[in-house]
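K.L.:
Take a look at this one; I'll ask things after.
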Amino acid sequence: MRGPDGEIDEAELRVGEVHDHAAGMTAVGVSLKRAYEQMGVARTVMTLPLLNQRHGFDCPGCAWPESQGRRKPAEFCENGAKAVAEEATTRRVTREFFAAHPIAELATKTDYWLGQQGRLTEPMVLRPGGTHYEPISWEAAFALMAGELNAMTSPDEALFYTSGRTSNEAAFLYQLFGRSLGTNNLPDCSNMCHESSGAALTETIGIGKGSVSLADLHGADLILVVGQNPGTNHPRMLSALEEAKRGGASIISVNPLPEAGLMRFKDPQGVRGVLGGGTALTDVFCQIRLGGDLAFFKAIAARLFALEEQAPGTVLDREFLDRHTHGFDPYRVQARDVDEKELLAATGLTSELLDEVAVRFARAERIVLCWAMGLTQHKHSVPTIRKAVNLLLLRGMIGKPGAGVCPVRGHSNVQGDRTMGICEKMPESFLAALDAEFGITSPRKHGYDTVDGIRAMARGEIRVFMGMGGNFARATPDTQVTEAALRRCLLTVQVSTKLNRSHLATGDTALILPTLGRTERDPSGFVTVEDSMSVVHRSRGRLRPASGHLLSEPVIVCRLARATLGAGHPGPWEEFETGYDRVREAIARVVPGCEDYNTRVRGRNGFVLPHPPRDSREFPTTTGKAHLTVNELTYPRVPEGRLLLQTLRSHDQYNTTIYGLSDRYRGIENARRVVMVHPGDLGQLGLRDGQTVDLVSEWTDGTERRVTAFRVVAYPTARGCAAAYYPETNPLVPLDSVADTSNTPASKSVVVRLEPAAGPFRENP
Ligand SMILES: Nc1nc2c(c(=O)[nH]1)N[C@H]1C(S)=C(S)[C@@H](COP(=O)(O)OP(=O)(O)OC[C@H]3O[C@@H](n4cnc5c(=O)[nH]c(N)nc54)[C@H](O)[C@@H]3O)O[C@H]1N2
Ligand SMILES: Nc1nc2c(c(=O)[nH]1)N[C@H]1C(S)=C(S)[C@@H](COP(=O)(O)OP(=O)(O)OC[C@H]3O[C@@H](n4cnc5c(=O)[nH]c(N)nc54)[C@H](O)[C@@H]3O)O[C@H]1N2
Ligand SMILES: [Mo]
């Protein structure tokens, strides 16, 4: 078995059957086992029943919404329980731990090992030239930060990163602090996540958010799930899909992998899920090639026009198109102009399958399109999503019950953080309102997003990096480049709950500021979050904090602001610190749609933010109409003898946090340094299942990047497409390999060759 140090040897990789269903009783068992291991029985009993309840806390897992009606006694999933166990663990990282482990030693450990050491308990500092982190008081830490920030020659020498778990209150204060200091350098994890969705939706429908509610999903008669693995990453979504199916919906899944959760679902909370065979979810499975989705949407659009021609007036929603859209004529010309052979090559699908999808699409009355990282992390992601929107517009599927766009968000408050102003280029209206509220002058020059921030750090232009949560060193692409960039800073600061690799890739001086998690009691009151469907609601933890030294994220920002901006700054930082109602009063005046925030968020289900296309078919675009867009056919070209690699999540991780080594639904156990390849491709490449290989990525500028000693797993993925886990494969993603417009790293299309490895398989980096 795996030792307590998380080291694994070659003998232990186990590959079993790929599962054809998700959840069921095994999921319940795994939830409880992990919870007991990390928290013990008493804390488990105190926390899990509060998860996603009205009086409890919001799951720090995904952003899937809670039911608006009666909630089940257990309104969470296996992976939500793991997220909670990870945070509410009784294990602790103390000053003695840091005294015993030099940085150089910690750097040899796996991400899994680092996370398993437990919760951070007090502020720590790494001094220039130091080998170990040492304790530091909060006052001294804030003074140190203030000193560095005030010594900058320009406020743009600071970079303030946010991970999407940060509450609305903390996010609002954090952007206020950054802008008070004078910078818009506010990159966030969304830059690596749904930025492409935001960019495409803003351009086409005028607002970068999804247009459906849970009720719409339940009432849909056709749901497309494209580039998403809900069984692992949004398990509660499976219940919604199941409910839609009970109402007669059909489901089309578009994915290079036959993901268990999409095929069949056993609801662990329903009798059928526990005893029976569960619900078959997917009606039509399109095993698409990586990056073939633009071609897929194009193929469907061409077929819709052909079907309309056969039976005029039956497919296109003429009235909607006339009243609410712009650009139909140029779009129609391009949509009809297709090279079927090329579309088949790009998608890897058959004409018959595409016909079937098109017919279902043409006949359905209420269509919801769901997607996640499989669509957003490619070079041509923005045009791909624009094309998906075209399809819905043709059939008038936005702004009516049971229909719409549903980009399924990742981090539990990533959408709320953006609403609160975490963005390097907020609109003028927001900045003007912020200035009026606080009597400040926000900078108007756009700041850096994540990739541009790394480039600036690499050029030596950033002196201070601060991470409000997250794991910047590990979540970002091109690990070696990014770590070297971080090392060029004078000061790096991480506000964290758990130890991670970003604490080891540091500037000359580094601070770890330990903070409260979602599950813990915050003396300043409850916080609020926004889910993937624009519902804003409360979250309140009940557990005793992991240590008496922790401060909440909002309090950390307030104290930092007071230390840095001084008493003369007009922001009421002291008042903000003692009660979050005062923060929400300011939010109500600054953020559109948040009027009367304090009252409305105290309502039973919180409140839903406005969304003009959803609410009234109004499209806040430049023309006041939804835009049909013309997008050239593009798809990844892979040279002979190479594979296209996607970097994705296993069933046992939360982004860079590794819960364990069981990718149960894919049948891969006890190892993460594996690469899944189609058996047919293995034969062609002269490789065999179980062989140890290096993965070498080839970038267009001739540079190569390598990760060593991965095990090959023969796997039923689409031909020519490989898959391996993130973050172990982030070193392969070139910093310059990004999506056009959104600047999102193209983590789902990395051209690689596999070389027999020189060394043996090993799990440690
Ligand atoms: N348990 C758990 N939950 C999570 C997370 C976690 O790590 N663990 N992370 C959270 C976050 S931040 C996010 S953003 C979401 C991520 O949720 P997902 O987007 O589901 O996450 P990935 O593992 O990246 O899976 C991408 C899926 O898209 C498919 N895919 C990849 N490339 C393509 C393509 O070119 N075309 C198509 N059609 N499909 C493709 C993959 O096969 C895979 O099924 O989950 C959130 N929830
Ligand atoms: N190759 C590749 N790269 C990717 C992706 C991919 O699919 N492939 N996905 C991208 C996506 S979608 C995303 S969203 C990013 C994720 O990027 P991040 O959001 O930066 O990464 P996480 O792993 O979610 O962050 C985990 C850390 O957050 C801290 N943390 C946890 N809870 C809290 C809290 O309550 N408060 C604070 N202050 N800290 C907390 C813990 O210390 C933990 O170590 O990664 C991106 N990177
Ligand atoms: Mo994400």
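K.L.:
Does Ala475 fit the bill of being away from ligand 3 (no atom under 16 Å from the Cβ) and out of contact with any strand residue (DSSP E or B) (no Cβ under 8 Å at 6 or more places or on another chain)?
P.N.:
For Ala475, the condition - away from ligand 3 (no atom under 16 Å from the Cβ) and out of contact with any strand residue (DSSP E or B) (no Cβ under 8 Å at 6 or more places or on another chain) - is not met.
K.L.:
Okay, moving on. Suppose we filter region 330-359 for residues that are of a type in the set (S, T, N, Q) and free of Cβ contacts under 8 Å to residues at least 24 places away in the same chain; how many remain?
P.N.:
2
K.L.:
Considering every residue within region 631-641, establish whether at least one is touching a strand residue (DSSP E or B) at 6+ places or on another chain (Cβ under 9 Å) and open to solvent by less than 10 Å² (accessible area, probe 1.4 Å).
P.N.:
Among the residues of region 631-641, not one is touching a strand residue (DSSP E or B) at 6+ places or on another chain (Cβ under 9 Å) and open to solvent by less than 10 Å² (accessible area, probe 1.4 Å), which makes the answer no.
K.L.:
Looking at (1) within 16 Å of ligand 1 (Cβ to nearest atom); (2) open to solvent by less than 20 Å² (accessible area, probe 1.4 Å); (3) of a type outside the set (A, V, I, L, M, F, W, C), find the lone condition where Lys209 falls short.
P.N.:
All conditions pass for Lys209, except number (2).
Conditions tested, residue by residue: (1) within 15 Å of the chain's Cα centre (by Cα); (2) crowded, with 24+ Cβ neighbours inside 10 Å; (3) within 13 Å of ligand 1 (Cβ to nearest atom).
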| site | (1), (2), (3) |
| --- | --- |
| His378 | yes, yes, yes |
| Gly404 | no, yes, no |
| Asp417 | yes, yes, yes |
| Ala436 | no, no, no |
| Gly447 | no, yes, no |
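K.L.:
Follow-up question, since we're still on this one. Failed condition for Thr232, given (1) modelled with pLDDT under 95; (2) away from ligand 3 (no atom under 16 Å from the Cβ); (3) among the β-branched types (Val, Ile, Thr), with all others met?
P.N.:
That leaves (2) as the condition not met.
K.L.:
Restricting attention to region 655-678, and to residues there that are in contact with a Cys (Cβ under 9 Å, 6 or more places away or on another chain) and open to solvent by 10 Å² or more (accessible area, probe 1.4 Å), which single residue is nearest to Ala757 (Cα to Cα)?
P.N.:
Across region 655-678, the extreme among qualifying residues is His678.
K.L.:
Go through region 500-544 and give me each residue that's more than 12 Å from ligand 2 (Cβ to nearest atom), outside the structural domain of Phe472 (by TED's automatic domain parsing) and over 23 Å from the mean Cα position of the chain (by Cα).
P.N.:
Matches in region 500-544: Arg521, Pro523, Ser524, Gly525, Phe526, Arg542, Leu543, Arg544.
K.L.:
Considering (1) within 16 Å of ligand 2 (Cβ to nearest atom); (2) in contact with a helix residue (DSSP H, G or I) (Cβ under 6 Å, 6 or more places away or on another chain); (3) open to solvent by 10 Å² or more (accessible area, probe 1.4 Å), say which one Cys189 fails and leave the rest.
P.N.:
That leaves (2) as the condition not met.
K.L.:
For Cys406, indicate whether it is under 30 Å from His569 (Cα atoms) and outside any helix (DSSP H, G or I).
P.N.:
In short, no.
K.L.:
Out of curiosity, is Asp216 under 24 Å from His537 (Cα atoms) and open to solvent by 10 Å² or more (accessible area, probe 1.4 Å)?
P.N.:
When the stated conditions are applied, Asp216 passes them.
K.L.:
If you don't mind, another one. Answer yes or no as to whether Ser196 is within 16 Å of ligand 3 (Cβ to nearest atom), in contact with a Cys (Cβ under 9 Å, 6 or more places away or on another chain) and under 19 Å from Val738 (Cα atoms).
P.N.:
Against the criterion (within 16 Å of ligand 3 (Cβ to nearest atom), in contact with a Cys (Cβ under 9 Å, 6 or more places away or on another chain) and under 19 Å from Val738 (Cα atoms)), Ser196 does not qualify.
K.L.:
From Arg459, Arg463, Arg474, Arg488, grab the single residue that is open to solvent by 10 Å² or more (accessible area, probe 1.4 Å) and farther than 23 Å from Val733 by Cα.
P.N.:
Arg463
K.L.:
Let me ask something else about it. Can you tell me how many residues in region 580-608 are in contact with a Pro (Cβ under 9 Å, 6 or more places away or on another chain) and surrounded by fewer than 21 Cβ atoms within 10 Å (Cβ to Cβ)?
P.N.:
So the count comes out to 3.
K.L.:
Does Met145 satisfy being surrounded by fewer than 24 Cβ atoms within 10 Å (Cβ to Cβ), outside any helix (DSSP H, G or I) and in contact (Cβ under 8 Å) with a residue 12 or more places away in the chain?
P.N.:
Here the answer is no, as Met145 does not meet what is asked.
K.L.:
Do we have any residue at all in region 171-188 that's within 25 Å of the chain's Cα centre (by Cα), among the acidic types (Asp, Glu) and within 16 Å of ligand 1 (Cβ to nearest atom)?
P.N.:
yes
K.L.:
Got at least one residue in region 104-113 being under 25 Å from Glu763 (Cα atoms) and touching a strand residue (DSSP E or B) at 6+ places or on another chain (Cβ under 6 Å)?
P.N.:
Checked against the condition, which is being under 25 Å from Glu763 (Cα atoms) and touching a strand residue (DSSP E or B) at 6+ places or on another chain (Cβ under 6 Å), region 104-113 yields at least one hit.
K.L.:
Can you say whether Ala171 is open to solvent by less than 10 Å² (accessible area, probe 1.4 Å), touching a helix residue (DSSP H, G or I) at 6+ places or on another chain (Cβ under 8 Å), assigned to a helix (DSSP H, G or I) and more than 16 Å from ligand 3 (Cβ to nearest atom), as far as the supplied structure shows?
P.N.:
So Ala171 fails the test.
K.L.:
If I ask for residues that are part of a helix (DSSP H, G or I) and open to solvent by less than 20 Å² (accessible area, probe 1.4 Å), which ones from region 85-110 would you list?
P.N.:
Those that are part of a helix (DSSP H, G or I) and open to solvent by less than 20 Å² (accessible area, probe 1.4 Å): Ala85, Glu86, Glu87, Phe98, Leu106.
K.L.:
Could you check region 331-382 and list, in sequence order, the residues that are closer than 15 Å to Thr634 by Cβ, polar (S, T, N, Q) and more than 16 Å from ligand 3 (Cβ to nearest atom)?
P.N.:
Scanning region 331-382 gives Gln334, Thr347.
K.L.:
Looking at region 180-205, I want the residues that are on the phi > 0 side of the Ramachandran plot and have a partner that is at pLDDT 95 or above with Cβ atoms under 7 Å, at least 6 apart or on another chain. Which pairs are those?
P.N.:
Correct list of pairs: Gly182/Pro155; Gly182/Pro443.
K.L.:
Does region 609-627 include one or more residues that are within 16 Å of ligand 2 (Cβ to nearest atom), hydroxyl-bearing (Ser, Thr, Tyr) and open to solvent by less than 60 Å² (accessible area, probe 1.4 Å)?
P.N.:
The answer is no, given that none of the residues of region 609-627 is within 16 Å of ligand 2 (Cβ to nearest atom), hydroxyl-bearing (Ser, Thr, Tyr) and open to solvent by less than 60 Å² (accessible area, probe 1.4 Å).
K.L.:
Which of the following residues is open to solvent by less than 10 Å² (accessible area, probe 1.4 Å), assigned to a helix (DSSP H, G or I) and modelled with pLDDT of 95 or more: Leu344, Leu353, Leu391?
P.N.:
Leu391
The values are calculated or read from the model by the stated rules, or taken from the named source; none is laboratory data. The structure displayed is predicted, hence computed values, not measured ones. No Cβ is skipped: glycine too gets one built from the backbone with ideal geometry, and neighbour counts run over all protein chains shown. These area figures cover heavy atoms from the full protein model, side chains too; ligands, DNA and RNA do not enter into them. Shrake-Rupley method; radii C 1.70, N 1.55, O 1.52, S 1.80 Å.
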